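Peer 1: Before anything else, here's the structure in question.
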Ligand SMILES: Cc1cc2nc3c(=O)[nH]c(=O)nc-3n(C[C@H](O)[C@H](O)[C@H](O)COP(=O)(O)O)c2cc1C
């Protein structure tokens, strides 16, 4: 019962929400005792990045072919833009009593467990070392300086998670949400890089333990016990096509010369609850060192976005809808099919994703031009057709709906009430144009590689980030839905075992804004 696979499966089972009982979480929340949303390290130099908020001329639709966007030079200003457009503040909201910050990357409950680190080696912009991005100050905290002899210039962004920050509100299910947030953050980083004419690739071979050392998050005495960070992923930032790169061994060599500075400040909240299963699953799903993956998938060209927006404007204006207009006119079919095409693994947004597409999208169509309301599926890998058919309900009709997309009608009927009930009774799932369940190939993947449990959620988060931005580009809005009744969704789809599992829900439609909330600028607090 104690193999990593068993522990991951046990975690997944026990953190399912059920119609009759939610997964274990805190019984009460003291809102005055929320974790500090911004991590800071005391005792390191703070390097201010150039003033945020600069708009760039690049259009959102140009990000479909990022190789045609002229690359910005690697300067402190472009590094600042990269970090701002990926993880920086996008606005403050106020209801007259409380004020809270929103960021370019979304987060379940706006708790933001994801932290970003920049590793610079021999770049003209920054001394070689490790820097933590402090999003409130839009500054870099110099956590470490390297003293190795100069080699090729290279720059990386590493992500880590403070699970406890999310668990404060969501208890045991929090680990899943932290993984969704990593996926969203990866997507946010990809779009930010593309806006600068840059791209990212994943250092997919490296083990979590190696990444922890690189980022300094294994330095136990620098962190308060429950508030430690767990390493997630390391991305190389490609700032120009011809640059030579460091090998992982060379990067480790630089890191071995690090002199570290500072300690993480306390996130201040009182640790009322403890959820040992979070550390258990986190250890069981830790990634070992693996052979580097080689991506072979061809890319496709998307139907162009219908409206022209500057990418930087769109990225900063991305928000979650809190309510939708249930009387909206049907979503134009051109928008719908652009959105479906945009989440395919062959798009520029997925170019950095080294794993085979494992997530398919079951769609509750409520208000889409040309489509009868009902349940549909988009297979993101059309070769999965027979496997998905074999695992799902025999009553599905599997009527093809499109020439090139593997998009099928499964069942006609008004799905609004079903979608709402399944998504923890949230009307955002029924008042939209469509809502959806991201369903991942599950047991075949995690039986052999339990650490891939996390990547399945990341893939969902990445799809979600694409949906958020595509919705904005179409004048619509979207919202991630982490709260849904897992096995009730499986029952509807006819899934009776672990071959496939629903890992994330989403919804997209015409947002209704809450007039009681005021929006304030993101960085008015900077001098
Ligand atoms: C993984 C994830 C799960 C979420 N689940 C829900 C949900 O179940 N219901 C909801 O109304 N919003 C949900 N959201 C939206 C967040 O509440 C929202 O991202 C956060 O408040 C920050 O606001 P913003 O997206 O406008 O920046 C979710 C977001 C993420 C990333």
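Peer 1: Quick check on residue 486: is it more than 22 Å from the chain's Cα centre (by Cα) and either closer than 25 Å to residue 450 by Cα or outside the structural domain of residue 475 (by TED's automatic domain parsing) (or both)?
Peer 2: Judged against the criteria, residue 486 is not a match.
Peer 1: Still on this model: For region 374-392, what are the residues that are touching a strand residue (DSSP E or B) at 6+ places or on another chain (Cβ under 8 Å) and surrounded by fewer than 16 Cβ atoms within 10 Å (Cβ to Cβ)?
Peer 2: Within region 374-392, none qualify.
Peer 1: Any idea which of (1) more than 19 Å from residue 502 (Cβ to Cβ); (2) buried (at least 18 other Cβ atoms within 10 Å of the Cβ) is the one residue 420 doesn't satisfy?
Peer 2: (1)
Conditions (1) at positive phi; (2) more than 14 Å from the ligand (Cβ to nearest atom), marked per residue:
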{"residue": "444", "(1), (2)": "no, yes"}
{"residue": "457", "(1), (2)": "no, no"}
{"residue": "463", "(1), (2)": "no, no"}
{"residue": "484", "(1), (2)": "no, no"}
{"residue": "488", "(1), (2)": "no, yes"}
{"residue": "494", "(1), (2)": "yes, yes"}
{"residue": "526", "(1), (2)": "no, yes"}
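Peer 1: May I ask you to list the residues in region 220-241 that are assigned to a loop (DSSP other than H, G, I, E, B) and surrounded by 17 or more Cβ atoms within 10 Å (Cβ to Cβ)?
Peer 2: Result: 223, 228, 229, 239.
Peer 1: I've got another one for you. What number of residues within region 1-42 are in contact with a helix residue (DSSP H, G or I) (Cβ under 9 Å, 6 or more places away or on another chain) and under 30 Å from residue 85 (Cβ atoms)?
Peer 2: 6
Peer 1: Quick check on this structure: which one of 392, 421 is within 16 Å of the ligand (Cβ to nearest atom), in contact (Cβ under 8 Å) with a residue 60 or more places away in the chain and within 27 Å of residue 479 (Cα to Cα)?
Peer 2: Testing whether each residue is within 16 Å of the ligand (Cβ to nearest atom), in contact (Cβ under 8 Å) with a residue 60 or more places away in the chain and within 27 Å of residue 479 (Cα to Cα) leaves just 421.
The values are calculated or read from the model by the stated rules, or taken from the named source; none is laboratory data. This is a predicted model, so every value here is computed, not measured. Counting neighbours? That spans all protein chains shown, and the Cβs are built from the backbone with ideal geometry, glycine included.
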